[in-house]
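Each value in this text was obtained by applying a stated rule to the coordinates, not by laboratory testing. Model, not experiment: these values are computed from the prediction. All Cβ positions, even for glycine, are placed from backbone atoms using ideal geometry, and neighbour counts span all protein chains on display.
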Amino acid sequence: MILVGLGAAILTIFAAGFGVTLSIFARTNRFNLVECACLSWLLGSGIISLLLWIGGTFCSGLVLQAVVTIACLALAIFGWREKQKAAARSHFSTPKNLVEWVLATIVAVEAAILFFVAFKHTLGWDGLLNWEIKARYAFFNGGVIPASYYSSAGRAFSHPEYPLGIPFTELWLYLWMGEPNQFWVKIIFPLFYAACAPLLALLVSRLSGKRWVGLLTAALLPFVPSISASPGGIVVGYVDVPLSVFYLAALGYLLLWFKTNNVRFIIVFAACSALLPWIKSEGIILWAVLVLLGLGLSFSKRRVAQFLISIGPGLLVILSWRIYLKLAHLWPHSDFARPSFSLLRENAGRIHDIIGILFAELSETVHWSIFWLLAAVAVVYLIGSRKLEKLVLAAAVVLPVILYTLIYLFSTWPSYSAHMTSSVPRLLLHVMPAGWLAIGLALTQPKDQNRHL
């Protein structure tokens with residue numbers, strides 16, 4: 001029965017996401033099934049967690065589960081009807097030659113291996129005490145986190161201020177399984193990888209015009225040790241890999257919108273970027289970077305109004321969560337002080353140590369192999385091209401690293417260096433798939449978008 005419930009939970013997540021994805025792509029003559037499957041998991045997990053959070057303010061228990069399930073099925077039916085009205089057809093892009101078949105097979109085998117590895121490892125420290133703990137509290141309280149959790153000093157160690165994107169996705173599995181099963185809930189994280197690899201291949205293929213380059217970058221993705229192992233990898237149940245997938249999707253579809261002016265791409269960007277702050281607090285930084293870069297792209301094409309509309313959902317998520325925490329009387333606990341010019345001047349002496357720790361981590365082959373060397377070469381190439389979309393892609397890799405580094409100037413830990421050493425490997429993971437996107441585009445000159453990808 002646990003497996004039946006698990007299957008139902010995953011199916012409803014895909015149903016909600018597939019309905020939204022179909023409604024976005026319904027007006028196209030053909031839509032890619034692989035693309036829809038990847039986006040269905042991303043958008044579905046975001047929809048489920050948001051529905052649980054919003055619905056939990058009005059109901060709980062079986063009523064909450066039933067309401068969310070009905071909403072998911074309604075979204076699936078709506079998307080299917082939109083597809084039928086538009087007479088859109090699905091297609092599955094099969095490899096065209098031996099090289100593509102070999103690379104596609106490698107990508108599939110790697111995903112299968114990571115599923116196996118994920119179930120051979122227990123949830124890690126943060127996976128348990130920062131994320132899963134929220135799902136567990138909610139499960140034992142009818143699907144709603146108790147109000148006392150946010151205001152309790154004794155629970156401040158678990159970061160109540162962190163958003164609920166992943167915890168409530170875990171909660172959804174718990175509700176259907178009927179118990180907080182920490183073994184089966186780990187399936188969430190390899191599913192995010194299974195969405196990341198094909199999506200990376202698709203985005204590189206569309207932006208570069210060469211399918212084999214996209215498949216190659218996807219095949220190289222798991223050779224970065226941090227993707228599969230601690231700190232932050234998929235086997236320990238942290239949210240850093242899911243956050244990186246949303247960032248990759250938002251960035252990739254922003255670039256596709258710039259190249260094609262296709263409104264469906266900016267809609268996908270709006271959805272994926274809005275979920276960045278819902279996955280982790282650092283998602284606000286990634287969202288802000290995309291907003292800044294997107295404004296530059298939209299000005300160059302005179303599409304500012306369209307882009308400003310697309311950032312509305314992200315603003316709504318950010319403000320709603322901030323208001324909710326204030327109403328919940330959040331216990332004032334933070335690892336960082338409020339930024340100010342006076343504090344910046346006071347802590348300016350930290351910059352030398354912070355830069356040293358950053359470069360030490362970037363060159364740590366146990367965590368990254370030679371990934372950051374390849375990413376640095378790709379960034380230099382993209383900057384040298386002097387093309388706006390390539391400059392934006394390079395900035396999307398570099399800016400988050402710079403901003404993540406600077407936040408340690410405001411660390412409240414007794415040892416800011418220990419704070420950085422313990423957390424910066426996970427932060428760098430957020431931009432790793434975007435770095436592979438940059439590497440993929442640096443391998444070849446872009447061509448016109450292939451409509452059959």
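Descriptive notes on the structure:
- Shape of the chain, Cα gyration tensor, a/c cut at 1.5: rounded
- Amide proton proximity set for F31, modelled H, under 5 Å, gap of 5+: R89, S90, H91
- Rounded if a/c under 1.5, otherwise prolate or oblate - the stretch 354-452, Cα gyration tensor axes: prolate
- Taking a Cβ cut-off of under 14 Å around L128, the surrounding Lys, Arg, Asp and Glu residues balance to a net charge of +1, with basic ones at +1 and acidic ones at -1.
- Karplus 3J(HN,Hα) series, Hz, for the stretch 264-278 with 6.51 cos²θ - 1.76 cosθ + 1.60 (x for Gly, Pro): 5, 6, 6, 5, 4, 4, 4, 5, 5, 5, 5, 7, 4, x, 8
- Listed values for the stretch 299-311 are Karplus-derived 3J(HN,Hα) couplings in whole Hz (6.51 cos²θ - 1.76 cosθ + 1.60, θ = phi - 60°), namely 4, 5, 9, 6, 10, 4, 4, 4, 5, 4, 5, 5, 8, and x replaces Gly and Pro.
- Over 23 Å [Cα-Cα, the stretch 1-146], rounded percent: 52 percent
- Cα-based shape type of the stretch 298-373, given that a ≥ b ≥ c are square roots of the gyration tensor eigenvalues and the cut on a/c is 1.5: oblate
- Its Cα gyration tensor gives the stretch 138-204 an equivalent ellipsoid, and the semi-axes of that ellipsoid, as √(5λ) in whole Å with the largest first, are 29, 16, 9.
- Dipole of the stretch 335-453 [Lys/Arg +1, Asp/Glu -1 at C-beta], most positive-end residue of F359, S417, A395: A395
- Hz values of 3J(HN,Hα) by residue in the stretch 11-27 - Karplus curve (6.51, -1.76, 1.60), Gly and Pro given as x: 4, 5, 4, 5, 4, 4, x, 5, x, 5, 5, 4, 5, 6, 9, 5, 7
- Multiplying the residue separation of L308 and F78 by 0.36 nm and subtracting their alpha-carbon distance yields 80.1 nm.
- Unit charges on C-beta of K, R, D, E only; dipole of the chain, Debye: 1600 debye
- Most to least packed among 70-83, 255-268 [average Cβ atoms within 10 Å]: 255-268, 70-83
- Stretching N261 away from T94 to a fully extended chain increases their span by 57.5 nm, per 0.36 nm per residue minus the current alpha-carbon distance.
- Local electrostatic count, K83, Cβ distance below 12 Å [Lys/Arg +1, Asp/Glu -1]: +4
- Positive-end residue, the chain charge dipole about Cα centroid, Cβ charges, pick of L114, P277, N29: N29
- Violating pairs (Cα-Cα greater than 31 angstrom) within the set K326/K390; K186/K387; K96/K259; K280/K390; K120/K280; K85/K186: K326/K390; K186/K387; K85/K186
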